[in-house]
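Below is one structure, written out as structure tokens; comments come after it.
No value in this document is a laboratory result; all are computed from the given coordinates. Please read all numbers here as calculations on a predicted model, not as lab measurements. Quick reminder, even Gly has a Cβ in these numbers, built from the backbone with ideal geometry, and neighbours come from all protein chains shown.
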């Protein structure tokens, strides 16, 4: 089915970018460790470490947005929502995507494009950095993250359409699990194995 194929494509695209940019956590840890060492052991702090860590964290946050959306990880007030049938949930979600999500994401893309093009035009650097760390590449992340969110939003609309037809949500591939969920699953399996 075309809708299902597009959903899987968007989910895989979002997952690839989300997981690729998750490696920034390692770089941030190494950079912070280096800064702590040179600052407190060698008494020679760097002028760039704080800005670079901000840029990496912001990039990680932005590039993980579509992945989080694909896995249903964004915060939602679901005290009523969770009581509804999937068909009703899908109708509400579809309206909210059209009214709020897509206009916001389009504003992010267009405003991000404006900021990024200006920033590249004059080689913008951080005004807070004594090292003059360039930030024009970071402004480009705003546009890329917006495009990824737009594609994933289209996939979520397709999920809504399928849920309205079947009264079931098409789940994303499970690739990340909460520790509590894993422990509960192991406990259930151990209980089942011990009581035939």
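List pairs: first in region 47-69 and surrounded by fewer than 19 Cβ atoms within 10 Å (Cβ to Cβ), second not in a helix (DSSP H, G or I), Cβ under 6 Å, 6+ apart or cross-chain?
47/130; 47/131; 48/131; 48/133; 68/74
Looking at region 80-117, which of its residues are over 25 Å from the mean Cα position of the chain (by Cα) and assigned to a helix (DSSP H, G or I)?
Across region 80-117, the qualifying residues are 83, 87, 88.
Any residue at all in region 134-141 that is over 16 Å from the mean Cα position of the chain (by Cα), farther than 25 Å from residue 73 by Cα and part of a helix (DSSP H, G or I)?
yes
Please go through region 118-128 and give me each residue that is in contact (Cβ under 8 Å) with a residue 24 or more places away in the chain and either surrounded by fewer than 17 Cβ atoms within 10 Å (Cβ to Cβ) or not in a loop (DSSP other than H, G, I, E, B) (or both), ordered by number. Outline the logic, then answer.
Taking region 118-128 and keeping what is in contact (Cβ under 8 Å) with a residue 24 or more places away in the chain, we get 126, 128.
Once the filter is applied, which keeps residues that are in contact (Cβ under 8 Å) with a residue 24 or more places away in the chain and either surrounded by fewer than 17 Cβ atoms within 10 Å (Cβ to Cβ) or not in a loop (DSSP other than H, G, I, E, B) (or both), region 118-128 yields only 128.
Could you list, in sequence order, the residues of region 35-61 that are under 19 Å from residue 24 (Cα atoms) and either touching a helix residue (DSSP H, G or I) at 6+ places or on another chain (Cβ under 7 Å) or in a loop (DSSP other than H, G, I, E, B) (or both)? Explain how you work it out, then say what you get.
Going through region 35-61, the residues under 19 Å from residue 24 (Cα atoms) turn out to be 35-36, 48-61.
Residues satisfying the conditions are 35, 48, 49, 52, 53, 55, 56, 57, 58, 59, 60.
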